[in-house]
Amino acid sequence: MYNNVLRSSIAVANKFCSNVVAYPVQYKSLNSKFKIFHLTYYVKHCVAITRCYCDERNLSRSHQTTLEYNKKYEEKLQELLKEPSNEHFYKKFLLELEVLKHESGRVPETLKAKDWLMLLAAPSRSQRRSYIEYLWKIERKNENRQAKKLRLQEEIEQKPQTSPEESDHIFYGLQNNSMFMRIYDTTIAHYYNHKLITAMLFAPKIVFDLEYENIMSAYETQNCAKQLKLSFAANRIHNDPFNVYFCNANPSGLLMQSIHQGIPTVYDPEFPLNITSKSYLELFDKSKLVYLSPNSTEVLEKFDHDMIYIIGAFVDKMKPQPVSFAKAKKEGIKTVRLPLAEYLPWGSGSAKNLPLNHVLSILLDLKEDNNWERALKHIPSRKLQSARIKSLEHNITKRNKMIELLTHGK
C-alpha cells in the first residue's frame, strides 16, 4: 500500500546523521562540478547532514518525468478516442477551434494529450472555451519570457567589455568585479530544504486533506494541485515553516500526478514533505485535530501550537458545497473558521473561500504573534469592500465618458 509517511522527522534525522564531518555554509566553497552540498544542523551534540543534488540532476528528472506523464496521457487519450462518441466530439471540437482561431485568435498553437483529456472532460462549451483561452495565455506568457531572455542576452553581448589592463578603474557589475560572493539558486534551495527538515523535527503540524478528488472536475483538480504546490512553496520560504502532511493521497489520481509532474522529487525519501495514503485519524490524536471550514459557526481566535489544523484540499468554484464541514462533523472533529468578516470589510458578492496557499500563509503569520491584522494581509484586495467600491466608481466614470462622447458626437 502506498505510504510515504516513513519520511517522518525522526527517520529524516537518522538518515542525515550518516556523516560526522560538516562545514558551515559560509566557509565551504561551492562549485557546479560537485554534486553534493552539505548544510549543517546541530541537534544538541549531534550533527545532521543534509545531502542535496544540484539543479542539473533535478532538471533532467523533471524532463524525464514530464515525458513519462505525456506518454501516459497519450495512451489514455487513444483509449478514449476508440469510443465513437468521443471521436465524434474530438472532430467536432477541431472545427470549433478553427472558428475560435478566426474569431479571436486566442487559440494555442499546439494542444497536448493532457489538454485534450481536460477538454473531453469539460461539461460545457463555456468551460472548454475558458480552458482554451487559459492555454493561450500561458503560451503567450512563455513566449514573452523567452523573448525577454533573448533581449537581455543580446544586450549583454553588445555591451563593450573593458579589461582591467585597459583602465585604472575597477568595474563592478555583471561579468565584472564584485566584493560579494554570488549566491546561486541551488544554494538557496538547499537552505530552504534545510529549514523544512528542521520543521519536521520541531514545528507544529498542518494537514492537507486530499480526499476530495472524486467530487472535483478535472479542471478543479488541476487548480487544486497548483494551489498545493504554491502552498508548499509558501511554507518553504517562510521564516518559521510548518511540518506539512498530505493525507489521504492517491498516487494514481490526477491530483498527485499533477503534483508529481511539477515536483519530480516529491516521492524521494529525503524530500521534506510527509505524503501518506492514511487518514489523519490514523496518524494523530483525534482530540488535537481542528478542521478549518468556512461553514463553521466557531471562530478561530488565536493559533494553538498544540493543535493540528486540517485544511480541505479541494476547489469548488462552480458549485460551492459545505463538504469539509460535513466530513468533519461526521468524523467528530472540531471545526473553526477564519474571522474574515470580523476583521475585514468584505465586499458584497465576494465569496469567503480562499485559495489553499492563502490559508496557509495566514496560518504561518498567525503562528508567530497571533496578529490577525498582519496575517489577513494575504487576503486578495479584490475581495474587500474598498476594492469593490473603487471598481464601481471606475465603471461609472468610464460609462459617463462614453455617454459624453456619444452626446458630443451627435
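The values are calculated or read from the model by the stated rules, or taken from the named source; none is laboratory data. Since this is a predicted model, take the numbers as computed values, not measurements. Cβ coordinates were reconstructed from backbone atoms using ideal geometry, including for glycine residues, and neighbour counts include every protein chain displayed. In case anyone asks, the SASA skips ligands and DNA or RNA and just uses the protein heavy atoms, side chains included. Shrake-Rupley method; radii C 1.70, N 1.55, O 1.52, S 1.80 Å.
Data for the structure
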read-out	value
Flagged links, alpha-carbon separation over 30 Å, of 327/383; 229/334; 112/195; 141/205; 229/390	112/195; 141/205; 229/390
Per-residue SASA entry for residue 186, accessible area with 1.4 Å probe, Å² rounded to 10	30 Å²
Inter-label distance, nm, simple model (7 Å from Cα along the C-beta direction), residue 179/residue 130	5.5 nm
For the stretch 181-246, accessible area per residue (1.4 Å probe, heavy atoms of protein chains only), Å²	44 Å²
Nonlocal amide H pairs with residue 335, under 5 Å, H built at 1.01 Å	291
With every protein chain in place, the stretch 232-286: carbon and sulfur % of accessible area (1.4 Å)	50 percent
Average accessible surface area per residue within the stretch 286-410, 1.4 Å rolling probe, Å²	62 Å²
FRET efficiency estimate (nearest 0.05) - Cβ-Cβ, residue 326 to residue 76, R0 35 angstrom	0.65
Residues residue 287 and residue 341, FRET efficiency given R0 of 22 Å [Cβ-Cβ distance, rounded to 0.05]	0.15
Potential lengthening between residue 142 and residue 396 on full extension [0.36 nm per residue; Cα-Cα distance subtracted]	87.9 nm
Translational D in µm²/s for the stretch 265-410 (Stokes-Einstein at 10 °C, 1.306 mPa s, Kirkwood Rh from C-alpha pairs)	87 µm²/s
Segments 62-72, 233-243 sorted - mean Cβ within 10 Å per residue, highest first	233-243, 62-72
Interchain or long-range residues, amide H under 5 Å from residue 206's placed H	243, 244, 245
Separation in nanometres of the label points that stand 7 Å from Cα toward Cβ, at residue 215 and residue 102	4.4 nm
The stretch 283-327 - Kirkwood radius from inverse mean 1/r over Cα pairs (Å)	12.1 Å
Theoretical FRET efficiency, 1/(1+(r/R0)^6), r = Cβ-Cβ of residue 60 and residue 120, R0 35 Å, to 0.05	0.65
